Amino acid sequence: MSSQEVKGTCCQDHPDNTVERFCTTCTKSVCKKCVMSCYKDHHDMIGMSDAIEAFNKQVTEVIRSAEDVKQELENTFHSIMDDKADFESHVKMIRDVINMHKETIVSKVEEETKKLLLDLEDVCKQRNDAIEGQVKELESHQMEVQSLKRSSLETMNKPEKTKTLDDINTNIHAVNQNIKEMNSRYSSCGNNLKPNFTFNIELDDALTKGLGEIASVDNRFILDKDDRSITVSKEQTFVVKAECLDKNDTCKVAATLITPSGEKTATEVEDMGNGEYRIKGRCDKVGDWKMEVTAGVAHFKGTPVKIKVEPIGLVQTIAAHKHIEYKISDGVLDSDGCLLVSSDCNELLKFTKSGEFVANIKLAQNAMISRMHNMGNGHIVYSDIQRKMVVMLNNKFEEHTQFGKGILEWPMGLKVKNEVLYVADIHLHCVCKFNVEDGSMLGKIGFQGAGKFHPYDITLTRGGHLMVTDRSHHRIQVFDANGTLVKILVNKGKEDGNVLYPCAIVTDMNENIIISSMNKLQLFDRNGIFLKRINDFNDALKNPAGITVISNRPQMIAVADKDNSVKIFNY
């Protein structure tokens, strides 16, 4: 409506007058009389054109808001319809798959049924043929006996027919013998023939468990891709990560372990907050397990988790002696996932985890490798007891840097952390520290002086503590970042839980500690509490040297044994 049209409009309070202005205090159009009244009361008034323009802007905004809401409603409607169509399409697809699966099974069952019935008919034919032959033979003998009987009657009252009667009697006995032979013959090859049906247990098992399973899956709930199919050791505690994309969802998450035989047991679910969950599990039997993860009635995307449970103990032996004459000393994983095995010479052997030989790698002519460490950046460092130093190799196994030349005397175990190289030296009776960048020596850890301390191997905790195998004193010592002795972690002893001549020490992903000593491999927690012995007396572990962790799921280590083999254990 234009300002001209409004001015021609009658005032609500004075119908004889037309409106002149707009009173924002009264929020109405007013005539000349109203203006005077509003003016006396100090009301705010504006021109009609300004009032109309301002009001129309508000109307336009309201209309625009209404259009936005309308569009949002339409979008929501279309989204619902699209979801409905997608759901129906998905249901149709599953229905088609179920029917196809049914048809496949029915077709297979019909085919197998036809074959079985044909086999049954063959057995019936064999039996019927045997019976028919027996009946024909009996009928022939029956006719012969009837004939002999008539002949016997004809000799009645005729003593002169004695010889004839004797012949008849002989023939009767012959027929009787034939009947006995026939019964014996058919008894052994025909009369005892009966069909037998053996059930296919696998098919019966499949039909008992059903053709499959329908489960509701909510795509907001997902399992980590790496956790949807896992391999673990028997009795290994593992963690599966799950997430709810709707951080505000309050559904209760539950998890159930299913044994190979189908038994179900609830397992622990930890709510980490912000829609994240950690599900702990432990399988006490070897075989194929599953784990269902649900939120209310809905299954997580990626469930059920397929869990392959492997036996613990020695699972493989790699015969390194077939490829090298020298004693092997250590092993590490290369960047390509293969296992590098060192020896008391200038050669590295390379194997796949399955034990297949890959390559023989030559190093410096006079090198003699004791221990190795993969730095994780494509470089490997090794202690060289022949040249009395530590060498860093690049990703082409070429010498890149040398450490401790002129300082080290008998370098053994070594590790790198935070750009610091730690080297255990038996003859120096300490652990030496070097700067990885420039090779400079940073200091020493341990007691000085002969007979005080014989560090053989080392490892570092996540907290920065240094654990050292003191070989001659049969113990494991722990030092803090400043080199101060914190405690004796493991003491001397023949029994499990103690060590004699500890050789190698490593930590796994769970901060558990693995120690080789004499002919034993032992597992401790991070506080030095004995958990179990990894090897068995029948594993033929002669004198284990270097250890490397090659897998977390399943928990697996490779041990360089002095019988020139690499033994791989699940633990």
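No value in this document is a laboratory result; all are computed from the given coordinates. Fair warning: this is a prediction, and the values are worked out from it, not measured in the lab. Here the Cβ is made from the backbone with ideal geometry for all residues, glycine too, and neighbour counts use every protein chain on show.
Observations
- Charging the Cβ of each Asp and Glu at -1 and of each Lys and Arg at +1, and nothing else, the dipole of the chain about its Cα centre rounds to 2020 debye.
- Förster radius 56 Å - calculated FRET efficiency between residue 41 and residue 274 (Cβ-Cβ, nearest 0.05): 0.40
- Each label was represented as a point 7 Å from its Cα along the Cα-to-Cβ direction; for residue 74 and residue 96 these points are 3.2 nm apart.
- Sequence-distant residues sharing a close amide H with residue 430 (under 5 Å, placed H): 425
- Around the amide H of residue 235, modelled in the peptide plane, lie the amide H atoms of 283, 284, 285, all under 5 Å away and 5 or more residues distant in sequence or on another chain.
- For residue 561, net neighbour charge (Lys/Arg +1, Asp/Glu -1) across residues whose Cβ lies under 9 Å away: +2
- Cut-off 11 Å between beta-carbons: net charge of the residues surrounding residue 68, Lys and Arg +1, Asp and Glu -1: -2
- With an a/c value of 1.5 or above and a/b larger than b/c for the gyration tensor axes a ≥ b ≥ c computed over the alpha-carbon atoms, the stretch 215-310 is described as prolate.
- Whole-Hz ³J(HN,Hα) from phi, Karplus 6.51 cos²θ - 1.76 cosθ + 1.60, for the stretch 415-424, glycine and proline x: 8, 10, 8, 6, 6, 10, 9, 9, 10, 7
- Each residue of the stretch 274-282 was assigned a 3J(HN,Hα) from its phi angle through the Karplus curve 6.51 cos²θ - 1.76 cosθ + 1.60 (θ = phi - 60°); the sequence is 6, x, 9, 9, 10, 10, 9, x, 7 Hz, with glycine and proline shown as x.
- Set of aspartates and glutamates near residue 444 by C-alpha distance (under 18 Å), chain-local residues within fewer than 8 positions excluded: 409, 419, 425, 457, 470, 480
- Computed [θ] at 222 nm, helices only, for the chain once each DSSP H run of length n ≥ 4 contributes -39500 (n - 2.57): -10000 deg cm²/dmol
- The modelled label-to-label distance for the pair residue 397/residue 63, using points 7 Å beyond Cα in the direction of Cβ, is 8.1 nm.
- Relative contact order (%) - the stretch 1-127, alpha-carbon pairs under 8 angstrom, separation at least six: 14 percent
- Restricting the GluC sites (Glu not before Pro) of the stretch 294-379 to loop positions (DSSP other than H, G, I, E, B) with no more than 16 neighbouring Cβ atoms within 10 Å leaves 325, 356.
- Unit Cα scatterers, Debye sum, the stretch 313-570: log10 I(q)/I(0) for q = 0.12, 0.15, 0.16 Å⁻¹: -0.64, -1.05, -1.21
- Cα shape, the chain, gyration tensor, a/c 1.5 rule: oblate
- Vicinal HN-Hα couplings computed from phi for the stretch 83-98 (Karplus, 6.51 cos²θ - 1.76 cosθ + 1.60; Hz; Gly/Pro x): 4, 4, 5, 5, 4, 5, 5, 5, 4, 4, 4, 5, 4, 5, 5, 4
- Database remark: amide H of residue 401 closer than 5 angstrom to the amide H of 392 (H placed geometrically; neighbours at sequence offset of 5 or more, or on other chains; Pro and chain starts carry no H).
- By average C-beta atoms within 10 angstrom, highest first, the peptides 364-372, 86-94, 244-252, 272-280: 364-372, 272-280, 244-252, 86-94
- Top positive-direction residue, dipole computed over the stretch 428-571 with Cβ charges, set 498, 559, 484: 498
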